[in-house]
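Single-structure report; data block below.
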Amino acid sequence: MPQALLFDHDGGVDDLLSLMLVLTMDHIDLKGVSITPADCIGDYAEESTRKLLQLFSQSKVPVARGNYHGINAFPLEWRAGPMVVNAMPLMINVEIAKPTEVLESVELLAQELQKAEESIAVLMTGPCSNLVRTLQRYPELSTKVKEVIWMGGAVDTGGNVVTYNHNSTAEWNVFWDPISSKRLFESGIPITLFPLDVTNSVPVNYSFLKDLARIADYDAANLAGQFWASTLNTIPAYEYTYYMWDILATSYLGIPDAFEFEEIPLKVATQAPNAGQTIRLKEGEYKAKVAMKVDKDRFYQYLLQQFSINF
Ligand code: AGV
Ligand code: CA
């Protein structure tokens, strides 16, 4: 039986690569894609999303747009990622049909959770606001969420938020909407978290990109290589590496046993100077299942294997 999945992303280049990766997985039945207007400009991210679904012959998958804008905006220069992607040779001429009315994310997530006969996994590679708002409006749907797989947080390592009035202890997806993040960790919903602690071990590196380019006769490898190349100009002066953040979390769907997990009670700070910090507690009512280590070689090999396909 294919495994049902809802996917909420925020349109970064690695979010779009994560969508590609999901679309290569035969064991996943993608029920819907929802876009959070965080690390992207929504219109362009919707276009990239629809183009990728079209290329992978899955244009029937519903796409929704979140209309909630978080508390701490992403830098605008990062949010243009999908504009570059949409102009790539394999993307620019892809024809997409946009429905006259696009669902709002909360409605899509609620509809699909409602319809699901069994509980269903939710993958999130941006902030968690859409899901948290869905469950606030429809609390009875909580039991339908089997597992939330989330790229977010920084537990025993520094964060990646460098901004005014902040001490850099937070990761961006949590920082964008610390209030919703706090609610998520207090909700008791099973969370499998992929924080910077584990994603720091998988940068986008040249040797991987060279391996990928060697199999660029495959459409998916070709396209993914172009996406990744566009990330190498990273980015404001304080950060010089683009990581496989979201792609690592997504790969858990295919290679769950490549990870080492620790059960950790966490709380989220909501005020300056550390808003969005995910703080390890000694004890707590709920524990998140936190990925702390990954078999890197297996992860990179898995990507090469999955992207060895034609559209
Ligand atoms: O903090 C990591 C999250 C991931 O979901 N995002 C990027 C990934 O999609 C925010 C982010 C941190 N540093 C960035 C980010 C950078 N240099 N460029 C773009 N986004
Ligand atoms: Ca993201």
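The values are calculated or read from the model by the stated rules, or taken from the named source; none is laboratory data. For clarity, every value in this text was computed on a predicted model and none was experimentally measured. With ideal geometry, Cβ positions are generated from the backbone for all residues, glycine too; neighbour counts draw on all protein chains shown. Surface accessibility is based on the protein's heavy atoms, side chains included, excluding ligands, DNA and RNA. Shrake-Rupley method; radii C 1.70, N 1.55, O 1.52, S 1.80 Å.
The peptide list 47-53, 33-39, 290-296, put in order of mean Cβ contacts within 10 Å with the highest first, becomes 33-39, 47-53, 290-296.
Over every Cα atom in segment 173-311, the radius of gyration and the widest Cα-Cα span, Dmax, amount to 17.3, 52 Å. Determine which lysines satisfy two conditions relative to LYS60: a Cα distance under 30 Å, and not lying fewer than 8 residues away in the same chain. Those lysines meeting the cut-off are LYS31, LYS51, LYS98, LYS115, LYS144, LYS146. Relative intensity of segment 32-116 on a log10 scale, I(q)/I(0) at q = 0.14, 0.22, 0.26 Å⁻¹, equals -0.51, -1.10, -1.30, per a Debye sum over C-alpha point scatterers of equal strength in the absence of solvent.
Legend: residues ARG79, ARG280, sorted from most to least accessible area (1.4 Å probe; ligands, DNA and RNA excluded), read ARG280, ARG79. Once both labels are positioned 7 Å from their Cα atoms along Cα-to-Cβ, the gap between HIS69 and LEU304 label points is 4.4 nm. Measuring with a 1.4 angstrom probe and ignoring ligands and nucleic acids, PHE56 comes out at about 30 Å² accessible. Overall, the accessible surface of the chain at a probe of 1.4 angstrom is composed of carbon and sulfur to the extent of 48 percent. With the biggest extent put first, the Cα atoms of segment 1-142 measure 44, 38, 27 Å across the principal axes. The mean accessible area for residues of the chain, using a 1.4 Å probe and ignoring ligands and nucleic acids, is 43 Å² per residue.
Per-peptide packing, taken as the mean over residues of other Cβ atoms within 10 Å, places 246-255, 9-18, 181-190 in the sequence 9-18, 246-255, 181-190 from highest down.
Of all lysines in the structure, the ones whose alpha carbon falls short of 24 Å from that of LYS296, not counting any fewer than 8 places away in one chain, are LYS210.
Using only alpha carbons, segment 59-102 has a radius of gyration to Kirkwood radius ratio (Rg to Rh) of 1.04. Normalised by 2.2 N^0.38 Å, where N is the number of residues, the C-alpha radius of gyration of segment 80-198 stands at 1.26. Enclosing the Cα atoms of segment 3-306 in their convex hull gives a volume equal to 121 cubic angstrom per residue.
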